[in-house]
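The values are calculated or read from the model by the stated rules, or taken from the named source; none is laboratory data. Small disclaimer: the values here were computed from a predicted structure and weren't measured. Methodologically, a virtual Cβ is constructed for each residue, glycine included, from the backbone with ideal geometry; neighbour enumeration extends over all protein chains shown.
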C-alpha cells in the first residue's frame, strides 16, 4: 500500500494560538514538537495497516517544520518552499490513499480553531457551488489523480466539513473549537492514540471511499480586499467576476489548482 500524507499545523493536537504557528514567535517550538508527534502517531497507524511506502508533505508555512530524524525508513519527507503544488506537492497517480493531519476548517467557519483558506487574504473558494477549504482543495487534487481522501485530523468543525465533502472519510477530532483562538483540548496522549487507531481503520477501508472528483466547473476565488483581486487578476486563466472575485478555468483540476496558487502569489505582491 502506498500512502500520501499532508501535514498542517493549525489542526494539530493542543494548538490554539496564532503565535504557536509562527516560526518566529513564542510557542512555536512546542507546537512543532506536537506536529511531529501527531505525524508519528499517524505513521504508526500506516504501519499497522500494512503501508509499504509513505510520502509526507510538510504543508505548513515554508515547509520547514517537520524533522526527518526519527522518521521510519519507508517514509519520504517533502520539505521546503516553494514547490509547484505547495501543500500537496508529491501527490500523483499510484497512491492508494491520501491523509490530512493537523488540518483546519475553511475561512469563515464559526467557532473553528484558526480557520482560514491558504491565506488571510482569501475570503472564499468554491467549485460548482461547493465551498472548499484547504482539505477540500487537497482532496480534489488527489481525486484528480484517482487518489481518495480517506482520513483527516483537526477540530470538530474541520471534521464536519470533511465528512460533508467526502462520504466515508475517517476524521479524528483532537479539539473542539470554542472561538477562533480557543478550544476544549483532548489530552495529547489520548488524541494520538485516536490518530493511530483511526488511521489504521481508514486505510483498511480505503477502497470503499470514492475520490473527490472535479465537476469541471471553474473555481471562484474571492479575496478579502479589492487590491488583492486586482493583483491576482494578472494571472493567466482568470476572468474577473466582481471587485473581489476571480474565475479560474482550466482543462483539468491540476491546472485550476496551480492557477489558484499563482493568484495567491500575486495577491501577496500587494501590501496588506
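Examine the range 111-121 for a residue that is closer than 18 Å to residue 209 by Cβ and in the same structural domain as residue 41 (by TED's automatic domain parsing), and state whether such a residue exists. Quick ask: steps written out before the conclusion?
Of the residues in the range 111-121, the ones closer than 18 Å to residue 209 by Cβ are none.
Scanning the range 111-121 turns up no residue that is closer than 18 Å to residue 209 by Cβ and in the same structural domain as residue 41 (by TED's automatic domain parsing).
Residues checked against (1) surrounded by 20 or more Cβ atoms within 10 Å (Cβ to Cβ); (2) over 15 Å from the mean Cα position of the chain (by Cα); (3) within 27 Å of residue 201 (Cβ to Cβ):
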residue	(1), (2), (3)
8	yes, no, yes
15	yes, yes, yes
20	yes, yes, no
46	yes, yes, yes
54	yes, yes, yes
61	no, no, no
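Go over the candidates 112, 97, 139 one by one and state the one that is surrounded by 18 or more Cβ atoms within 10 Å (Cβ to Cβ), more than 14 Å from the chain's Cα centre (by Cα) and over 15 Å from residue 11 (Cα atoms).
97
Of the residues 22, 38, which is in the same structural domain as residue 106 (by TED's automatic domain parsing), touching a strand residue (DSSP E or B) at 6+ places or on another chain (Cβ under 6 Å) and more than 15 Å from residue 87 (Cα to Cα)? Walk me through it before giving the result.
Details: 22 fails: touching a strand residue (DSSP E or B) at 6+ places or on another chain (Cβ under 6 Å).
Answer to the selection: 38.
Taking the range 61-83 on its own, how many of its residues are in contact with a helix residue (DSSP H, G or I) (Cβ under 7 Å, 6 or more places away or on another chain) and more than 21 Å from residue 28 (Cβ to Cβ)?
The total comes to 2.
Across the range 75-119, what is the total count of residues that are in contact (Cβ under 8 Å) with a residue 60 or more places away in the chain, outside any loop (DSSP other than H, G, I, E, B) and more than 20 Å from residue 146 (Cβ to Cβ)?
Qualifying residue count for the region: 3.
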